[in-house]
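Engineer: This is the structure, below, for whatever I ask next.
The values are calculated or read from the model by the stated rules, or taken from the named source; none is laboratory data. Everything numeric in this text was worked out from a predicted model, so none of it was measured. Virtual Cβ from ideal backbone geometry, glycine too; neighbours counted across all protein chains shown. Ligands, DNA and RNA are stripped out before the accessible areas are found, and what is left, the full protein with its side chains, is counted by its heavy atoms. Shrake-Rupley method; radii C 1.70, N 1.55, O 1.52, S 1.80 Å.
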Amino acid sequence: MRIVDIIAAAIGLVLLSPLWLLIAILIRLDSKGASFYGATRVGRNGELFRLYKFRSMVVDADKQGPGITTQGDRRVTRMGAFLRRTKLDELPQLWNVLKGDMSLVGPRPEDPRYVALYTPEQRAIFQARPGITSAASLTYRHEERLLSGPDWEEVYRTQVMPAKIAIDLDYLAQRTLFSDLKLIGQTILAMGQ
């Protein structure tokens with residue numbers, strides 16, 4: 001499926017370049033700082049890589065709060081709220097796909113701080129290349145709404161994260177090219193909902 005990833009990412013990068021330019025300009029007009037953001041994530045075989053996104057938060061947001069965005073997080077910019085809601089902030093990950101760090105479909109790459117909490121069974125997730133979309137990310141596309149209140153991180157660590165890993169491991173066990181194409185279509189239809 002790597003050839004499908006390469007072709008789709010290359011086509012996407014070319015066709016969406018005008019949209020990328022527009023988004024980059026709007027980000028810069030909305031708040032100070034670069035238009036892109038890079039975050040360290042854990043990928044296939046447990047290797048670290050740099051995941052790219054359009055910046056949706058204030059500069060140095062990672063130094064001003066947790067690594068996970070919660071409901072009502074004040075670090076999210078106005079433009080960032082729109083990008084997150086529509087999932088357009090994920091478009092630069094097409095570059096990660098082209099580079100081979102990611103696939104179009106695969107488990108969402110996690111922050112190393114949370115990967116340290118994985119059980120040996122959960123680490124089986126690293127057999128697959130991480131993806132821009134996954135069965136779990138579609139199920140939990142409004143994850144921020146679940147993460148509110150003083151115990152949000154406990155909720156993430158004990159409920160959300162294990163559930164997402166279980167969903168993705170189940171998907172990977174039955175994965176086909178058709179199921180990947182169907183998941184991509186469902187993701188596109190869910191954008192902005």
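Engineer: Sort out which residues of the range 57-74 are farther than 19 Å from Y140 by Cα and among the small types (G, A, S), and write them in order of number.
Structural biologist: If the condition is that a residue be farther than 19 Å from Y140 by Cα and among the small types (G, A, S), then A61, G65 are the ones that fit.
Engineer: Among all residue pairs at least 6 apart or on different chains, which show Cβ distances below 9 Å where the first residue, located in the range 1-28, is over 15 Å from E90 (Cβ atoms) and the second is of a type in the set (D, E)?
Structural biologist: Filtered contacts from the range 1-28: M1/D180; V4/D180.
Engineer: In the range 9-18, how many are in contact with a helix residue (DSSP H, G or I) (Cβ under 8 Å, 6 or more places away or on another chain) and under 29 Å from V76 (Cβ atoms)?
Structural biologist: 4
Engineer: Still on this model: Would you confirm, using the coordinates I've provided, whether A136 is touching a strand residue (DSSP E or B) at 6+ places or on another chain (Cβ under 8 Å) and either modelled with pLDDT of 95 or more or not charged (D, E, K, R) (or both)?
Structural biologist: Against the criterion (touching a strand residue (DSSP E or B) at 6+ places or on another chain (Cβ under 8 Å) and either modelled with pLDDT of 95 or more or not charged (D, E, K, R) (or both)), A136 does not qualify.
Engineer: Filtering the range 76-122 down to residues that are aromatic (F, W, Y) and touching a residue at least 40 places away in the same chain (Cβ under 8 Å), which residue is farthest from S137 (Cα to Cα)?
Structural biologist: The extreme case among them is W95.
Engineer: Among the helices (runs of 4 or more DSSP H) lying completely within the range 147-190, list those that include at least 2 residues that are open to solvent by less than 60 Å² (accessible area, probe 1.4 Å) and more than 16 Å from T133 (Cβ to Cβ).
Structural biologist: Answer list for the range 147-190: 152-155, 161-174.
Engineer: If you don't mind, another one. Scan the range 1-49 residue by residue and report those that are polar (S, T, N, Q) and within 30 Å of I165 (Cβ to Cβ).
Structural biologist: Result: T40, N45.
Engineer: For the range 109-120, name all the residues that are out of contact with any helix residue (DSSP H, G or I) (no Cβ under 8 Å at 6 or more places or on another chain) and open to solvent by 30 Å² or more (accessible area, probe 1.4 Å).
Structural biologist: Scanning the range 109-120 gives P112, R113, A116, T119, P120.
Engineer: Does R129 meet the test of being at negative phi, of a type in the set (K, R) and either outside any loop (DSSP other than H, G, I, E, B) or crowded, with 19+ Cβ neighbours inside 10 Å (or both)?
Structural biologist: Yes; evaluated as a whole, the condition is true for this residue.
Engineer: Output the residue which, of all residues in the range 72-108 that are basic (K, R) and farther than 27 Å from G185 by Cα, is least open to solvent (accessible area, probe 1.4 Å).
Structural biologist: Among those that are basic (K, R) and farther than 27 Å from G185 by Cα, it is R75.
Engineer: In addition: Look through R75, R84 and report the one residue that is over 14 Å from the mean Cα position of the chain (by Cα) and either more than 30 Å from R175 (Cβ to Cβ) or not hydrophobic (A, V, I, L, M, F, W, C) (or both).
Structural biologist: R75
Here is a yes/no grid of residues against (1) over 29 Å from T119 (Cβ atoms); (2) of a type outside the set (A, V, I, L, M):
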{"position": "R28", "(1), (2)": "yes, yes"}
{"position": "G46", "(1), (2)": "no, yes"}
{"position": "Q71", "(1), (2)": "no, yes"}
{"position": "V97", "(1), (2)": "no, no"}
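Engineer: Here's a follow-up. What pairs can you find where one residue is in the range 58-74 and in contact (Cβ under 8 Å) with a residue 40 or more places away in the chain, the other is open to solvent by 50 Å² or more (accessible area, probe 1.4 Å) and among the small types (G, A, S), and their Cβ atoms are less than 9 Å apart, with a gap of 6+ or different chains?
Structural biologist: Short answer, once both residue conditions are applied: T70/S148; Q71/S148; G72/S148.
Engineer: Taking the condition out of contact with any helix residue (DSSP H, G or I) (no Cβ under 7 Å at 6 or more places or on another chain), among the charged types (D, E, K, R), over 20 Å from L147 (Cβ atoms) and assigned to a loop (DSSP other than H, G, I, E, B), does D101 pass?
Structural biologist: Judged against the criteria, D101 is a match.
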